[in-house]
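Structure first, then comments.
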Amino acid sequence: MSELRVRFAPSPTGYLHIGGARTALFNYLLARKEQGTFVLRIEDTDVERSTQESVDAILDAMTWLGLSCDEGPIYQSDRFDLYRQKVQLLLDKGLAYRCYCSAEELDAKREVALQEGRKPKYDGSCRARNDQPDAPYVVRFKLPDPDGEVSFNDRIKGVIRVRNEELDDLIIQRTDGTPTYNFVVVIDDAEMGINLVIRGDDHINNTPRQIHLYRALGYEVPEFAHVPMILGDDKKRLSKRHGATSVMAYQEQGYLPEAMINYLVRLGWSHGDEEIFSLDELIEKFSIEAVGRSAGVFNPDKLLWLNSHYIKNGDPQRLAGLLEPFLVKKGIDFTAGPDLVAVVKGLQERSATLVQMADGASFYFAETLEFDDKTRRKFLTEDNRRLFSELKTALESCDLYDETHLEPALKSVLQKMDLKFGKVAQPLRAALTGGAPSPGIYELLEVLGKERVINRIESALNQLTAP
Ligand code: GLU
């Protein structure tokens, strides 16, 4: 174990989105690479917006991606006592104060500031107050030294410097007594020994405030690495307009977790011009230093390309297991055969997603084949009657359904009818698939097996129409 302790700290107010998953992944990879510790912390202090459903959705997505944590999930809602103690500590030290300003008063002050062209910020009017009226209050952190500045060396963005006068007295406890994000994140990161905070750069403006809080609470300040955000192809912040932003929506669309991982890591990180990385390779090669400073652009075509790569090269046995729920969803009963693994092998080359694979698998399991119009008109015609009869006889008497035995069976039909291979294979393929794309004829015959093959040829014979 190294000293490195990182964390992923999602707020359970929705599903795990692409950006969050990438942050989790970067943390996970670095922890694994450096044999550090990866902590998962659920930031649910905003009781109004946090739901168990979102917690479950986030945990499911992490499990699907394989991002296992070493500690956690730790829930902030279990730690309110600790936060209350820390609020009290700052109050006792005179580093925080109760603020009784009402929302209306604050709004009015904000209006005036905006009208006068000033940046609206709290004017500190309750700072010097000693009375404790029986009225709702928030607790604010007293920003130290208005003339000073705070700076940190971000591992991705470089040195960031902010003058204290840009900041104001942050609310650390709401009127309902619950603590706020900027306060608890500091306590937890410090108490959990996090020494590198990797998170989205939407939090970069919070970091100077948090650094002041670390110091006020007597904690060591960790290192920070703020990861640039993800944009859509129009260079606007990634949103639903650009496609699904929920990680699990991609699972439903038939993506493999390894494709998603490979895709996510390349949104901001690179290693030469390599595109394909296994998880083990990523653990070996990942570094914060190779994370770029500019935003990554979400490209659904590339994700699809990666997914087809992983489907093409995936273990058929595993893919068959992953395909099952997609078949069930389509109402396909695959239990009576043909062998699902064999079916998968025939579809891997031609399926970019598991949804496409399930579509492609339909004809194998169909009780009655649906013929598309073109196939019906082209092949299910009376002038093919003799061909189908000959095929039936030849394939019925073929005992072993493998290429070595099937090839002479088909050849006998070619010779008997003096036809070229294509003139035999095409109608046969049509009778077996209904016109759906399929693998080579021998593989198709082998996977379907004799009984299905003969049934399908018979069924074609029963449907022939005048040409
Ligand atoms: N809970 C915060 C969020 O979901 C993340 C906080 C952090 O990483 O510091 O945006």
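The values are calculated or read from the model by the stated rules, or taken from the named source; none is laboratory data. Please read all numbers here as calculations on a predicted model, not as lab measurements. No Cβ is skipped: glycine too gets one built from the backbone with ideal geometry, and neighbour counts run over all protein chains shown. Accessible surface areas use protein heavy atoms only, side chains included; no ligands, DNA or RNA. Shrake-Rupley method; radii C 1.70, N 1.55, O 1.52, S 1.80 Å.
Average accessible surface for region 1-91: 43 Å² per residue, computed with a 1.4 Å probe over protein heavy atoms with every protein chain in place. For the chain, with equal point scatterers placed on the C-alpha atoms only and solvent neglected, what are the log10 I(q)/I(0) values from the Debye formula at q = 0.08, 0.09, 0.13 1/Å, to two decimals? Those come out to -0.64, -0.74, -1.16, one per q.
With each label modelled as a point 7 angstrom along the Cα→C-beta vector, the GLU443-GLN88 pair spans 7.0 nm. Note on ASP60/ALA128: beta-carbon distance plugged into 1/(1 + (r/R0)^6) with R0 of 45 Å gives a FRET efficiency of 0.35. Under a 5 Å amide H cut-off, with hydrogens placed 1.01 Å from N, GLY200 pairs with VAL227 among residues at least 5 apart or on other chains. Under a model in which nothing but the beta-carbon of Lys, Arg (+1) and Asp, Glu (-1) is charged, region 224-291 shows a dipole of about 600 debye around its Cα centre. Here the gap between GLN415 and ASN206, fully extended at 0.36 nm per residue and compared with their Cα-Cα distance, gives a gain of 67.2 nm.
Scanning residues 5 or more positions from GLY36 or on other chains, those with amide H under 5 Å from its amide H are SER2, with H placed 1.01 Å from N in the peptide plane. The simple Förster model, with R0 at 41 Å and r as the Cβ-Cβ distance, assigns ASP81 and SER270 a FRET efficiency of 0.35.
Couplings 3J(HN,Hα) of region 289-298, computed from phi: 4, 8, 7, x, 8, 9, 5, x, 10, 6 Hz, in residue order, whole Hz [Karplus 6.51 cos²θ - 1.76 cosθ + 1.60, θ = phi - 60°; x for Gly and Pro].
Pairs to check: LYS157/LYS235; LYS416/LYS450; LYS109/LYS236; LYS302/LYS374. Give those whose C-alpha atoms are more than 27 Å from each other in this structure. Walk me through the numbers on the way to the answer.
Numbers: LYS157/LYS235 20 Å; LYS416/LYS450 21 Å; LYS109/LYS236 33 Å; LYS302/LYS374 33 Å.
Checking Cα-Cα distances, LYS109/LYS236; LYS302/LYS374 exceed 27 Å.
Using θ = phi - 60° in the Karplus curve 6.51 cos²θ - 1.76 cosθ + 1.60, the 3J(HN,Hα) couplings for region 382-398 round to 3, 6, 9, 4, 5, 4, 5, 5, 5, 4, 4, 4, 5, 7, 5, 8, 7 Hz; x is entered for Gly and Pro. Axis of helix 181-191 versus longest Cα principal axis of the chain: the two differ by about 90°, to the nearest ten degrees. The stretch between GLU396 and ILE160, if pulled fully straight at 0.36 nm per residue, gains 77.2 nm over its current Cα-Cα span.
Between region 148-203 and region 50-104, the alpha-carbon centres lie 14 Å apart.
Between SER270 and GLY292, the built amide H atoms are under 5 Å apart, and every one of these is 5 or more places off in sequence or on another chain.
Could you check how much of the accessible area of the chain is carbon and sulfur, as a whole percent, using a 1.4 Å probe?
Working: 10860 of 22750 Å².
It is 48 percent, rounded to a whole number.
Treating the beta-carbon of each Lys and Arg as +1 and of each Asp and Glu as -1, no other charges, what is the dipole magnitude of the chain about its Cα centre, to the nearest 20 debye? Before the final figure, lay out each step's value.
Details: 59 positive and 73 negative charges, 215 e Å.
Result for the chain is approximately 1040 debye, rounded to the nearest 20.
Each residue of region 117-126 was assigned a 3J(HN,Hα) from its phi angle through the Karplus curve 6.51 cos²θ - 1.76 cosθ + 1.60 (θ = phi - 60°); the sequence is x, 9, 6, x, 8, 5, 8, x, 5, 8 Hz, with glycine and proline shown as x. The gain in end-to-end length when the SER239 to GLU451 segment is fully stretched comes to 71.2 nm, 0.36 nm per residue minus the alpha carbon separation.
Of all lysines in the structure, those lying under 16 Å Cα to Cα from LYS345, and not within fewer than 8 positions of it along the same chain, are LYS312.
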